[in-house]
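Engineer: Take this structure, written in structure tokens, and hold onto it; I'll ask about it next.
Any read-out appearing in this document is the output of simple, stated calculations on the displayed coordinates, not a laboratory observation. This one's a predicted model, so the numbers in the text were calculated from it and none came from an experiment. Note that we place each Cβ from the backbone using ideal geometry, even for glycine, and neighbour counts take in every protein chain shown.
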Amino acid sequence: MKRELSERVALITGASRGIGRAAAVALAAAGVKVIINFRTREAEAQKTLAEVQESGGQGMVLGADVGIASEVADLIATAESALGPIGILVNNAGISRPQPLEEISERDWDEVLATNLKSMFLVTQAVLPGMRRRRWGRIINLSSVAAQLGGVIGPHYAASKAGVLGLTHSYAALLAGEGITVNAIAPALIETEMVTSNPKARPNLIPVGRFGTVEEVADIIMMLVGNGYLTGQTISVNGGWHMT
């Protein structure tokens, strides 16, 4: 795989920590040049870059709010000017806002949907023209078991992650003949800050009896990057909580 990916460039949104960081490190280890996107946590994004470089990989850190079209355009232009055309997109940026049902406001709804769903549309639209010209691309969208079971955060989060599945299916169907695959990953209770800060997220909810690791999700990202026949699928990484 390293030979096949050595000339590729990947953009990972929300890569300052957690699954995004693990994805950046795994891709870099396979020879991919990685763009580490962050919105507010630049110091943590620099730690991701340090891990990439320690493994012998190449990358850069770029800040942008991927829920804003103008910032996405600047992000893509800067990244491609520095490292080359983006062929791999990991749409990972997301926020979690655990709230009692009666406290969820319209603003909460709009912010969660903009970060978790709208951002995927904006970034995908921005990288697609180049992928279509080159007739090669891998797009991986991070959904959640919340899209399948409702989850432990709230309907705003569950709706945003369910929307990711519809977005994935549509892009996959439209692009299947152009060398571009589009797939989703639906993790459950991966040991990240988002999960461990939520008291409703408990390991005993998971049949295997533990939280998942970010590396276990990164393994699936690498599988999807390396497979040109798998498209339009949702890969559940959830310790048996939801079986498909």
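Engineer: Can you give the helix-only mean residue ellipticity at 222 nm for the chain, where every DSSP H stretch with n ≥ 4 adds -39500 (n - 2.57) and the sum goes over all residues, rounded to the nearest 500 deg cm²/dmol?
Structural biologist: Working: 10 runs with 109 residues, N = 244.
The per-residue figure over the chain is -13500 deg cm²/dmol.
Engineer: While we're looking at this one, here's another question. What residue among Tyr157, Tyr229, Tyr171 shows peak mean-square fluctuation when the chain is described by a Gaussian network model with Cα springs under 10 Å?
Structural biologist: Result: Tyr229 has the largest fluctuation of those listed.
Engineer: How high is the relative contact order of segment 2-237, in percent, with contacts defined as C-alpha pairs under 8 Å that are six or more residues apart?
Structural biologist: 18 percent
Engineer: Please work out the C-alpha center-to-center distance from segment 94-160 to segment 189-212 and express it in whole Å.
Structural biologist: Each part reduced to its Cα centre gives a spacing of 20 Å.
Engineer: Using a basic spin-label model with each label point 7 Å from the Cα along Cα→Cβ, how many nm lie between Gln53 and Glu111?
Structural biologist: For Gln53 paired with Glu111, the spin-label model returns 3.3 nm.
Engineer: Right, something else. Give me the dipole magnitude in Debye, nearest 20, for the chain about the Cα centre, with unit charges on the beta carbon: positive for Lys and Arg, negative for Asp and Glu. Write down the numbers at each step before the final one.
Structural biologist: Details: 21 positive and 22 negative charges, 123 e Å.
Once rounded to the nearest 20, the dipole reads 580 debye.
Engineer: Moving on to the next point. Top mean-square fluctuation among Val61, Val34, Val123, Gaussian network model of the chain, C-alpha springs under 10 Å?
Structural biologist: Val61
Engineer: Enumerate lysine pairs in the chain that are 8 or more residues apart or on different chains, then count those whose Cα atoms are under 26 Å apart.
Structural biologist: Going through the chain pair by pair, I get 6.
Engineer: Under 5 Å between amide H atoms, partner at least 5 residues away or on a different chain: which partners does Gln233 have, H built in plane at 1.01 Å?
Structural biologist: It is Ala184, by chain and number.
Engineer: Quick one: grab the alpha carbon gyration tensor of segment 128-217, order the square roots of its eigenvalues as a ≥ b ≥ c, and give me rounded if a/c is under 1.5, else prolate or oblate depending on whether a/b is larger than b/c. Could you put the intermediate results ahead of the total?
Structural biologist: Values: a/c = 3.08, a/b = 2.16, b/c = 1.42.
Prolate.
Engineer: Got a sec to turn the phi values of segment 150-158 into Karplus ³J(HN,Hα) couplings, 6.51 cos²θ - 1.76 cosθ + 1.60 with θ = phi - 60°, whole Hz, x for Gly and Pro?
Structural biologist: x, x, 10, 10, x, x, 5, 5, 4
Engineer: Subtracting the Cα-Cα distance from 0.36 nm times the residue separation, let me have the gained length for Arg135 to Thr40 in nm, one decimal. If you can, show how the numbers build up before the last one.
Structural biologist: On the way: separation 95, 0.36 × 95 = 34.20 nm, distance 3.36 nm.
This chain segment gains 30.8 nm when fully extended.
Engineer: Roughly how large, in nm² to one decimal, is the mean projection of the convex hull of the alpha-carbon atoms in the chain? Mind dumping the intermediate values first?
Structural biologist: Details: hull surface 49.2 nm².
Result: a mean projected hull area of 12.3 nm².
Engineer: If the only charges are +1 at each Lys and Arg Cβ and -1 at each Asp and Glu Cβ, what is the size of the charge dipole of segment 15-69 around the Cα centre, to the nearest 20 debye? Before the final figure, lay out the partial values.
Structural biologist: On the way: 6 positive and 5 negative charges, 15 e Å.
Dipole magnitude for segment 15-69 comes out near 80 debye.
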